[in-house]
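Heads up: the structure comes next, in structure tokens.
Nothing in this text is a laboratory measurement; each read-out follows from the coordinates by a stated rule. Just so you know, these numbers come straight off a predicted model, no measurement behind them. Cβ placement follows ideal geometry from the backbone for every residue including glycine, while neighbour counts extend to all protein chains displayed.
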Amino acid sequence: MKPWKPLALALLCSPMSSYGAAFSTCPTQAFLVQQNVAQLFGVNLATGHYQNLSSDMGTSGKLNAIGFNLHDDHLYAWSYQHQTLAKIGDDYQLQPLSLNWNGIDSQVSFYVGDVAVDENAHYLYRSGVDRGLYRVSLAPNDADYLSMQRIVDGAALNLRIFDMAFHPDNGMLYSVDNKGVLWRIDPNDGSSQSLATVGQTGTFGAVYFDVDGNLYISRNSDGLIFQIDISAAQPTALRYAQGPASSNNDGARCAIAPIVAEDDANIDFGDAPSSFGTRLAENGARHQLVAGGIRLGQRVDGEMDAYVYPASDDSSRLLDDEDGIAFVTALQVGLDFVLQVDSSGEGYLNGWIDLNGNGVFDVQEQILNDQAVDPGVQSLLVSIPEGYTSGERWARFRVSSVAGVQATGGAPDGEVEDYQIYVGDAATQVSYYPSADGYATVAFEDNWPAAGDYDLNDLVVNLQTKVLSFNNAEVARIELQGEVRAVGASFHNGFAIRIPGLAKSLLDRATIRFEINGELQAHSVIDEASDEIVAIIASDVRQYINPQNQCDFYKTQSDCEGAGQLHFKVHLPLLEGLDLASLPSAPFDPFIFATEHSREPYFSDSPARGLEVHVKNQSPSTQASDSLWGSFDDSSNPSSGSYYQTANGLPWAIIVPYNWQYPFERVSVADAYPQFLQYAQSEGLESGDWYLLENARSELIYQQEGK
């Protein structure tokens, strides 16, 4: 395919000097002209979002047969008022051209046409014996400049088409007729070939190409935009986006432009696995982000393309924008559950759950169909049908001001949110910490037993735990999942999660599942040196985060976005017989430990795995060394059950049941959150909401832009 590039600013030489200036680039937007008094719209074909570019184009009549000329960067269209071709610049004002008709009936009007890609000429078509396919040179230096030349009459080329477009690469014209037949037309001799029936019928008044050779057709009656891969063995019209409807449509586009510009980060995508239709190339669910448009929850971000699980946009941009849907009650096959929706305005909510677990949202899996929503929070009672099995599933929710949005494809406004959930059955119950759709934050100061800078951002991890039990009595499986959000440490640390008092002999070792960044790990996640269940997520977090030392402090300094990711998921199935009441409380015991030689020269003998950092008053694992108690700033007293705290009760690790926003590098948490000291020293009895962003000094908090 031809490479997409900006086009020149200069106009070609012309005998008329009053034309508007050329467009400065090869636009990614499509142009759509509508109404009996022509108005011009810009359409994002990826989403269907459109805006009025000009409601006064300097004519009292219609425009049709519009095309974008990448040889001089102007639009050309047939003016019904002036009964001739007209040239249109970036001011969207029409300038009629004086044609040489060569004896052709000058009273005919054309509503089908496009400008060629590989030659500076406009092609016009109208069916009928006395009409046909015509070529008009747009090159001022040509001997036949602005001369009408008939290629073939309308009897030999008799198609019921309403627009046509040039392929970016092969020089052929394409269109779809009112019966859904895809046609290829050779502009050299006017011969045509029927390629396929694409599965959609109607008046397709606007036809476009993109640089990859995909054809787009817009149906007048409902504004639906379809994409056709003309290179497929059986080209089919794929519903792509919802555009504007009109009884009078005609479209043009720079055929060598991509469908989304490289610098366009104004579209919201989902982040479920790619099989669900997530990326643009998969016709993934996507919404144009419109100022003041409807949203789910308080946050939304834009991107050029989807961040597919596990590399979600949440981890890439720090803040979680899946905040508009809350699962108030557990999801169970055959029962209703309560869903809480936070919408910013009036619109329609559609939702799907992959109930059969096949990796796609099937039509019968739609649980909400154009559910009307109002501004604010509202609760909905939603049913899960009988006949499905329990298991982990993906759900997708889409809100828009337009109805009929499907599980994939573009929408002109709104937002899409994807969730990983668990659907149970009658015998299985699920409990979460902190909630079914939320994550707690675990944050560490790794200078223990010294206080260090006390910024509590040396390792920041989002963590969710899930416990599956039978009949609320017997534990079936424990699941641990999360991701590293920040590494503000100069030391190297490992990260592990321990289930205190639970022997690893209770595990069904053969069915343990351990994933890092979506990939199944071959090595065991279980610490073989411990009798308890200790899952070692990473022996050294920096193997995954900033492995090339791109910058010192990953996502704790404004100039250090760094690289890498560490998403983890651990399934720990248990053998029969463990009473649910004997399971310790979630989130169990997340902790960090020193890697070999990572604390030198601060210690003459490297403590390595023996140096562990746990939350306040949590006893360590059996691998921890007892030689560091009471050293430096530590005031632990194991005999009284006092661990990992200073003389005034400050911890080296905290767990917040919330997506906590941590301080910048070398900013004490006590400075960033003024109520923290009161909370810690009162043993949590006072200032229990110290961690909320509204109680922070925002200038001291690391918050990545983009949400």
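Data table
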quantity	calculated
Whole-Å semi-axes of the range 221-283's equivalent ellipsoid (Cα gyration tensor)	22, 17, 15
Cα centroid separation - the range 644-699 against the range 243-300, whole Å	40 Å
Net length gained if the chain between residue 169 and residue 24 were fully extended (0.36 nm per residue, minus Cα distance)	50.0 nm
Debye, to nearest 20: dipole size of the range 30-252, +1 on Lys, Arg Cβ, -1 on Asp, Glu Cβ	720 debye
Net dipole in debye of the chain [+1 Lys, Arg Cβ; -1 Asp, Glu Cβ; about Cα centre; nearest 20]	2040 debye
Descending semi-axes in whole angstrom, ellipsoid equivalent of the range 341-446, from the Cα gyration tensor	25, 21, 14
Residues in the range 65-100 that a label on residue 144 would reach, taking backbone N under 13 Å of a point 7 Å out along Cα→Cβ	100
Label-point separation in nm, residue 596 to residue 521, each point 7 Å along Cα→Cβ	1.8 nm
All aspartates and glutamates inside 12 Å of residue 504 as judged from Cα atoms, apart from same-chain residues fewer than 8 positions distant	527, 528, 531, 532
More than 22 Å apart - percent of Cα-Cα pairs taken over the range 30-252	46 percent
Reduced Cα scattering model of the range 18-127, Debye log10 I(q)/I(0), q = 0.10 Å⁻¹	-0.27
Volume in Å³ per residue [convex hull over Cα atoms, computed for the range 628-707]	113 Å³
Estimated vicinal HN-Hα couplings, Hz - the range 680-686 in sequence order (Karplus 6.51, -1.76, 1.60; Gly, Pro = x)	5, 6, 8, 6, x, 7, 10
Ranked list, fewest to most other Cβ atoms within 10 Å of each Cβ, for 137, 147	147, 137
Qualifying GluC sites (Glu not before Pro) for the range 542-617 [loop in DSSP, other Cβ within 10 Å: at most 14]	576, 596
Vicinal HN-Hα couplings computed from phi for the range 196-208 (Karplus, 6.51 cos²θ - 1.76 cosθ + 1.60; Hz; Gly/Pro x)	5, 9, 8, x, 9, 10, x, 8, 9, x, 9, 10, 9
Tail beyond 25 Å, pair distance distribution of the range 433-659 (Cα, percent)	39 percent
84, 278 arranged by Cβ crowding within 10 Å, fewest neighbours leading	84, 278
Using θ = phi - 60° and Karplus 6.51 cos²θ - 1.76 cosθ + 1.60, couplings along the range 84-96 (whole Hz; Gly, Pro as x)	6, 5, 9, 9, 10, x, 6, 8, 6, 9, 7, 10, x
Mean shadow area of the chain, taken as a quarter of the surface of its Cα convex hull (nm²)	35.1 nm²
Cβ-Cβ FRET estimate between residue 511 and residue 329, R0 fixed at 35 Å, reported to 0.05	0.75
Radius 11 Å from Cβ of residue 646, net charge of other residues (Lys, Arg +1; Asp, Glu -1)	-2
Length gained when the stretch residue 229-residue 369 is fully extended (0.36 nm per residue, less Cα-Cα span)	47.5 nm
Most positive-pole-ward Cα, 478, 420, 188, against dipole of the chain from beta carbon charges	188
Length gained when the stretch residue 281-residue 236 is fully extended (0.36 nm per residue, less Cα-Cα span)	14.7 nm
Beta bridges per DSSP with both ends in the chain, % antiparallel, nearest 5	95 percent
Loop trypsin sites (Lys or Arg not before Pro), the range 526-586, which have at most 15 other Cβ atoms in a 10 Å radius of their Cβ (DSSP)	none
Relative exposure of 101, 652, 690, judged by other C-beta atoms within 10 Å (fewest first)	101, 690, 652
Reciprocal of mean inverse Cα separation for the range 142-189 (Kirkwood radius, Å)	12.3 Å
The chain: relative contact order as a whole-number percent, Cα under 8 Å and 6+ apart	9 percent
Using alpha carbons only: equivalent-ellipsoid semi-axes of the range 486-613, gyration tensor based, whole Å	30, 18, 13
Cubic angstrom per residue, convex hull over Cα atoms of the range 267-425	97 Å³
Inter-label distance, nm, simple model (7 Å from Cα along the C-beta direction), residue 402/residue 360	2.3 nm
